[in-house]
1. Which of (i) 12.9; (ii) 14.3; (iii) 12.1 is the computed mean projected area of the Cα convex hull in nm² for the structure on display?
2. From the helices alone, meaning DSSP H stretches of at least four residues, give me the mean residue ellipticity at 222 nm for the chain, per-run term -39500 (n - 2.57), in deg cm²/dmol to the nearest 500.
3. Hey, got the dipole for the chain? About the Cα centre, +1 on K and R Cβ, -1 on D and E Cβ, debye to the nearest 20?
4. Apply the Karplus curve 6.51 cos²θ - 1.76 cosθ + 1.60, θ = phi - 60°, to the phi angles in segment 152-167 and return the couplings in whole Hz, x for Gly and Pro.
5. Go from 0 up to the bin containing the longest alpha carbon distance in segment 74-190, width 5 Å each, and give me the % of pairs per bin.
6. Order of 104, 153, 3, 138 from fewest to most other C-beta atoms within 10 Å?
7. Can you give me the long-range amide H partners of residue 186? Hydrogens built in the peptide plane at 1.01 Å from N, cutoff under 5 Å, separation of 5 or more residues or another chain.
8. How high is the relative contact order of the chain, given as a whole-number percent (alpha carbon pairs under 8 Å, six or more residues apart)?
Amino acid sequence: MAKNSDMVIVSVDCDEYVRLLTAKDSEGVQDYLANGVAKLHRAGVDFLVIASNTAHICVGLVRERFPDLPVLHIADCTAAAARGAGPVGLLGTEPTMRDGSWLKERLALHGVEVVVPPAEEDRQRCYKIICDELSFDKFTDESRRFFAEMARKLHGEWGGSGGVILGCTEIELLLRPGDVPDVPLFRSAELHIDAAARVQAGQVSLESFMPPSEKPA
């Protein structure tokens, strides 16, 4: 039998996480997630994978509390695929699409220019579908058509000529490449999983995904 990697998993209560997030309790949600990371740190893991774009809000605090714990950042893995493509669109939760969001700032460190749906109404609808439908395994044709329309507009009239980042792991379950065949999709969860597997297998280094400003000399 082939050897498999040792893994330690901590699953947080998503109801509490979303409650803190929607209340815009930034300190509370970061502390809540970092407490989950503490369990992994005590277990002696070699590196950390946070399996959510939005939950990367806690990365700064995690690095403060556990400076010896390397983080394989989902935006770094996405940037490795999107770098050089030109401006890219971003679809995700409302917090990740905000100006100055941790995800957009991390992508910018790689030179990746990001555009989002310009209308607040569209961004809020994305968030509502993610929270009220996709998080409960509800996938409708209406919501798929909406996300497909957003992807096409981002790739076209809104300036994301390089493609569109699906910057929420649940969106990848709804919108498939075949739904928008003319739009290059950067599926962040898929890219993150692939990178984590290759790092764990020793095929690439975690540092190779870091932005230039953070790579060891």
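1. (i)
2. -13500 deg cm²/dmol
3. 420 debye
4. Here the 3J(HN,Hα) series is 5, 5, 4, 6, x, 5, 8, x, x, 5, x, x, 9, 7, 7, x Hz.
5. 2, 13, 25, 27, 21, 9, 2, 0
6. Exposure proxy ranking, most exposed first: 3, 138, 153, 104.
7. 164, 165, 166
8. The value is 22 percent.
No lab work stands behind these numbers, since they all come straight from the coordinates. Given the structure is predicted, the values throughout are model-derived calculations rather than measurements. Don't worry about glycine lacking a Cβ; one is built from the backbone with ideal geometry, like all the others, and counts go over all protein chains shown.
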